[in-house]
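> Please see the structure below; I have some questions.
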Amino acid sequence: MSLQENQGFNTRAVHAGQAFEPRTGAVVPPLHFSSTYAQDGIGNLRAGYEYGRGGNPTRDALQEQLAALELGTHAYSFSSGLAAEDALIRALTRPGDHIVLGNDAYGGTYRLISRVLGDWGIGNTPVDMANLDTVRSAVAANKTRFVWVETPSNPLMKITDIAALADIAHDAGALLVVDNTFASPYLQNPLALGADVVVHSTTKYIGGHSDVVGGAVVVKDAELAEKIGFVQFAVGAVSGPMDAFLTTRGLKTLGVRMDRHSENGQAVAEWLLERPEVEAVLYPGLPSHPGHELASRQMRSFGGMVSVQFKGGEAAARKVAESTSVFTLAESLGGIESLMNYPSEMTHASVKGTELAVPVNLLRLSCGIEDKEDLVADLEQAFSAIP
């Protein structure tokens, strides 16, 4: 076990892949923009660098950092979360293979699997991941290569037993892929619970500042890593050096940010729970949440994502979404600023009319790191606008 593995999360976040620059002693590694590298003779590469698509010191530093924080051995940084998922699927599946995924998966993931890779011959079955018997049956019914789960899920905040799904997948010769975007490596480490692959939209909590788009795949198996790395190189959807630099900078403060996100998410969820306008509050930090006990076991805390459903239906949800000032109505999540999203018409519009469709009375809140009293006050004034 390396020294980094023995160190705490925040120490690894600050130091993994971040050795000082030896010539000047700069404590922040330099940002490398070069697209190509001088060779000391034909085929004699300096430190293994040849061309920017194949390797870049800034991207390599981020990848080392990601692997250290997810307790993996190899990480790959991509230009977006969907680019990461696409590379993973093309690296490890072939036409005729099948993916069993959650029936409330992120709309972009489902669109990629169903409408893009479906034409390549990849099948899929959406199921309720909380029902392990249903998952087991779906896996057995097809040539399943991946069991694919988000926990907490987007946007219904369902919690799934990662260890139990790993057993189901492995018994069938399949791999368990966990989208860990909502939890982040600070709150949850799926590889330590039996998962084979972790994927991230690093745009979200890992980057943390709503100023960079990226994605990542992390594994702990060298054979899987080799296949994913080949597709990253051959297809080329890599993160650029500036994007990698910004993501690394954000990742260094992930732990302290997630503590505040979690504190604010809990406060907002508890406030929503007492409101007469609310039909349901979906937040695993509430004892009433059906996944609360499981989340308490496999997560460090409960995060900053809260979904809420309104008794007044679509009209009430839309009114609140368009009446806040601290919460900004926008796509995405996980930044230091609080965002509000109407998934049915925004992030999950692509799954309308399918079994993955999101309730029209639901809003998704990404609680930032502002003062929680101001977040509650903003929601209170927005609720007053409900007819």
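The values are calculated or read from the model by the stated rules, or taken from the named source; none is laboratory data. In this text, all values refer to a predicted model and were calculated from it rather than measured experimentally. Here the Cβ positions follow ideal geometry from the backbone for every residue, glycine too, while neighbour counts run over all protein chains shown. Heads up: the accessible areas ignore ligands, DNA and RNA and are worked out on the full protein's heavy atoms, side chains in. Shrake-Rupley method; radii C 1.70, N 1.55, O 1.52, S 1.80 Å.
> Does region 121-137 hold any residues that are more than 22 Å from the chain's Cα centre (by Cα) and under 15 Å from Glu85 (Cα atoms), and which are they?
Ile122
> Just for region 31-66: of the residues that are of a type in the set (Ser, Thr, Tyr) and in contact with a Ser or Thr (Cβ under 8 Å, 6 or more places away or on another chain), which one is nearest to Phe9 (Cα to Cα)?
Thr58
> Quick check on this structure: which one of Thr134, Thr160, Thr125 is under 26 Å from Arg364 (Cβ atoms), free of Cβ contacts under 8 Å to residues at least 40 places away in the same chain and outside any strand (DSSP E or B)?
It is Thr134.
> While we're on this one: Only one of (1) touching a residue at least 60 places away in the same chain (Cβ under 8 Å); (2) touching a helix residue (DSSP H, G or I) at 6+ places or on another chain (Cβ under 9 Å) fails for Asn103. Which number is that?
Result: Asn103 passes all but (2).
> Hey, Gly285 hits all of (1) farther than 25 Å from Leu191 by Cα; (2) free of Cβ contacts under 8 Å to residues at least 40 places away in the same chain; (3) not in a helix (DSSP H, G or I) but one; which does it fall short on?
(1)
> Next question, about the same structure. Among the residues of region 127-143, which ones are exposed (fewer than 15 other Cβ atoms within 10 Å of the Cβ) and within 15 Å of Leu175 (Cα to Cα)?
Matches in region 127-143: Ala140, Lys143.
> Of these, Ala222, Ala174, which one is farther than 18 Å from Ser301 by Cβ, open to solvent by less than 10 Å² (accessible area, probe 1.4 Å), over 19 Å from the mean Cα position of the chain (by Cα) and at pLDDT 95 or above?
Ala174 is the lone residue from the list that is farther than 18 Å from Ser301 by Cβ, open to solvent by less than 10 Å² (accessible area, probe 1.4 Å), over 19 Å from the mean Cα position of the chain (by Cα) and at pLDDT 95 or above.
> Does region 311-329 hold any residues that are open to solvent by less than 30 Å² (accessible area, probe 1.4 Å), in contact with a strand residue (DSSP E or B) (Cβ under 8 Å, 6 or more places away or on another chain) and more than 17 Å from Val376 (Cβ to Cβ), and which are they?
Ala316, Ala317
> Please verify whether region 347-364 includes one or more residues that are among the acidic types (Asp, Glu) and either within 23 Å of Lys204 (Cβ to Cβ) or buried (at least 17 other Cβ atoms within 10 Å of the Cβ) (or both).
no
> Further, regarding this structure: What pairs can you find where one residue is in region 62-86 and within 17 Å of Leu187 (Cβ to Cβ) and part of a loop (DSSP other than H, G, I, E, B), the other is open to solvent by 30 Å² or more (accessible area, probe 1.4 Å) and of a type outside the set (Phe, Trp, Tyr), and their Cβ atoms are less than 8 Å apart, with a gap of 6+ or different chains?
Glu70/Asn189; Leu71/Glu5; Leu71/Asn189; Leu71/Ala192; Leu71/Lys220; Gly72/Lys220
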